[in-house]
Amino acid sequence: MIGLYAILIFFALLTVGVPVVFSIGIASIIGVLVIDGANGWAVIAMQMFHSLQSFPLVAIPMFLLMANLMSVGGVTNSLVTFATSMVGHMRGSLAIGNVTASTLFAGISGSCMADTTAVGSMLIPAMIKEGYPPAFAGAVTAAANIVGPIIPPSILFILYGFAAEISVIKLFLAGVIPGLLLSLVFGGYAYWMSRKHNYGAMTHRFSFGRALKAFWISMPALVIPAVIISGVLGGVFTISESAGAAALYAFVYAVVKGKLNGKVPVREIYLAFKNTAKDTGVVMLLLGTSGLFTWVLTRSQAPQVMLGMLDGFGKIETLAILNVALLFLGLFLEPAPALLLATSLLLPLVKKLGIDPVHFGVILVVNLQLGVLTPPVASAAMITSRIAGIKFEEQINALWPFLGLGVITLMLITYIPAISLLIPHLMS
């Protein structure tokens, strides 16, 4: 019962506007003090410290730094140019190019919000100028960029791997096909809508030379995910070492690119480090409080209670219930805290049902990424509505078809495990 009370306190604090990390922290502290009384404060200190004692967590600030530094190096421009060079001869070229650029950017940033801001700030105004409705331009951008944390590298998969104690590289590999499948579905819908309503113009005839040149310019960014995956699989370095190497590469890239343009962007590089430090502090505090919350739930046997509630349901029905629960959780929480909370509650159930934890990790991340498109939070929709200069409600209305397609794709990922597990099994 204490675990249930802790969850209720957590949601009550969220409802009155307390930030997520403090909501989790306060609910956890109350739970620990009720369970262990006078010894509770010692437990709080030890559990929060223990939650951060994992070398693979070093990868998080390194990947964050890499993403921030690559933005300094002008990666967005080169990737957008490459994407549009391949599809500029098609009707709806900017819409399809938007999805393509977002998919390419996902292999570098791993952050939905960063990708949405970077790609959206360039392509939403360009799409509106080409005659696309602002709401549609924003919806394409928001939907396309939810693949950021699904295609490797992914901060969410690192967090899940840490919480579930499974291989991060397997999770990275498992996210490739689901991420590309979502991009294909959203790109196909964008193309169909553009053809149906004559959105946008064909910006140029296809030129192999133009595409090759754009590919060459964007090559420094495109090699990053390939190097990370191949290096770890080949035993050259661990996932944490690969993150450090990627961050160093991004730093050198930003400096060299700046010199070629006549000036090293010292201030921008400083801000990249500063923003990384802020983001890392938030993530680590969230990890510490989430670890404490997991301890409270475990000691109060909350996972066992959930197992009892779902006892008697088959695997198919249970997966459907879990998807509904995760989609609901994603309505109110940002992906990172929702992932840590869901992992602590649901992983014992998943293991009992014989569901591969890697497969469940993909289901979990896709679910929570759909949440960034869904009100009341819908953080990606908030960003694109501001860029497009429209009301939040207009943006949500334009996103419903994308959400429907996303849920259908989620069902395929849920009930066809091979979509997630094919590449990890081939590489094992």
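When the criteria are applied in full, residue 362 meets the requirement of being among the hydrophobic types (A, V, I, L, M, F, W, C) and touching a Gly at 6+ places or on another chain (Cβ under 7 Å). All told, residue 243 meets the bar of being among the small types (Gly, Ala, Ser) and touching a Phe, Trp or Tyr at 6+ places or on another chain (Cβ under 7 Å). Restricting 283, 296 to those that are touching a Gly at 6+ places or on another chain (Cβ under 6 Å), among the hydrophobic types (A, V, I, L, M, F, W, C), modelled with pLDDT of 80 or more and closer than 28 Å to residue 167 by Cα reduces the list to 296. Hey, does the stretch 370-386 have a residue that's closer than 30 Å to residue 235 by Cα and in contact (Cβ under 8 Å) with a residue 24 or more places away in the chain? Among the residues of the stretch 370-386, not one is closer than 30 Å to residue 235 by Cα and in contact (Cβ under 8 Å) with a residue 24 or more places away in the chain, which makes the answer no. With respect to the stated conditions, residue 277 is modelled with pLDDT of 80 or more, closer than 30 Å to residue 218 by Cα and in a helix (DSSP H, G or I).
Sub-7 Å Cβ pairs linking a first residue in the stretch 93-104 that is free of Cβ contacts under 8 Å to residues at least 12 places away in the same chain and outside any helix (DSSP H, G or I) to a second residue that is crowded, with 24+ Cβ neighbours inside 10 Å and of a type in the set (D, E, K, R), at least 6 apart or interchain, number zero. Looking across the stretch 383-402, just one residue is crowded, with 17+ Cβ neighbours inside 10 Å and of a type in the set (Phe, Trp, Tyr), and that is 402.
Residue check: residue 116 meets all listed conditions (1) touching a Phe, Trp or Tyr at 6+ places or on another chain (Cβ under 9 Å); (2) modelled with pLDDT under 90; (3) not in a loop (DSSP other than H, G, I, E, B) but one, namely (1). Reported count of residues in the stretch 25-45, each being modelled with pLDDT under 85 and within 20 Å of residue 331 (Cβ to Cβ), is 0. Residues of the stretch 272-297 that are over 28 Å from residue 44 (Cα atoms) and without any contact (Cβ under 8 Å) to a residue 40 or more places away in the chain: 274 alone. Checked against (1) outside any helix (DSSP H, G or I); (2) of a type outside the set (Gly, Ala, Ser); (3) surrounded by 20 or more Cβ atoms within 10 Å (Cβ to Cβ), residue 313 meets all criteria but (3). The condition (being at negative phi and surrounded by fewer than 18 Cβ atoms within 10 Å (Cβ to Cβ)) is satisfied by just one residue among 288, 234, 262: 234. Of all residues in the stretch 216-268, those satisfying the criterion of being of a type outside the set (Val, Ile, Thr) and more than 25 Å from the chain's Cα centre (by Cα) are 216, 234, 235, 257, 258, 259, 260, 261, 262, 263, 265, 267. Could you figure out which of (1) of a type outside the set (S, T, N, Q); (2) part of a helix (DSSP H, G or I); (3) farther than 27 Å from residue 14 by Cα; (4) touching a residue at least 12 places away in the same chain (Cβ under 8 Å) isn't true of residue 425? Among (1) of a type outside the set (S, T, N, Q); (2) part of a helix (DSSP H, G or I); (3) farther than 27 Å from residue 14 by Cα; (4) touching a residue at least 12 places away in the same chain (Cβ under 8 Å), residue 425 violates only (4).
Return the residue satisfying two criteria in turn: it lies in the stretch 195-216 and is touching a Ser or Thr at 6+ places or on another chain (Cβ under 7 Å) and modelled with pLDDT of 65 or more, and of such residues it is nearest to residue 80 (Cα to Cα). Selected residue: 214.
Contact map, the stretch 230-243: residues that are free of Cβ contacts under 8 Å to residues at least 60 places away in the same chain paired with residues that are hydroxyl-bearing (Ser, Thr, Tyr) and part of a helix (DSSP H, G or I), Cβ distance under 9 Å, separation 6+ or inter-chain. Pairs shown: 231/242; 236/230; 236/242. Go through the stretch 317-393 and tell me which helices (runs of 4 or more DSSP H), entirely inside it, have 3 or more residues that are more than 23 Å from residue 127 (Cβ to Cβ) and modelled with pLDDT of 90 or more. Hits in the stretch 317-393: 357-371.
The values are calculated or read from the model by the stated rules, or taken from the named source; none is laboratory data. Please read all numbers here as calculations on a predicted model, not as lab measurements. Cβ sites come from the backbone with ideal geometry, for glycine too, and all protein chains shown count toward neighbours.
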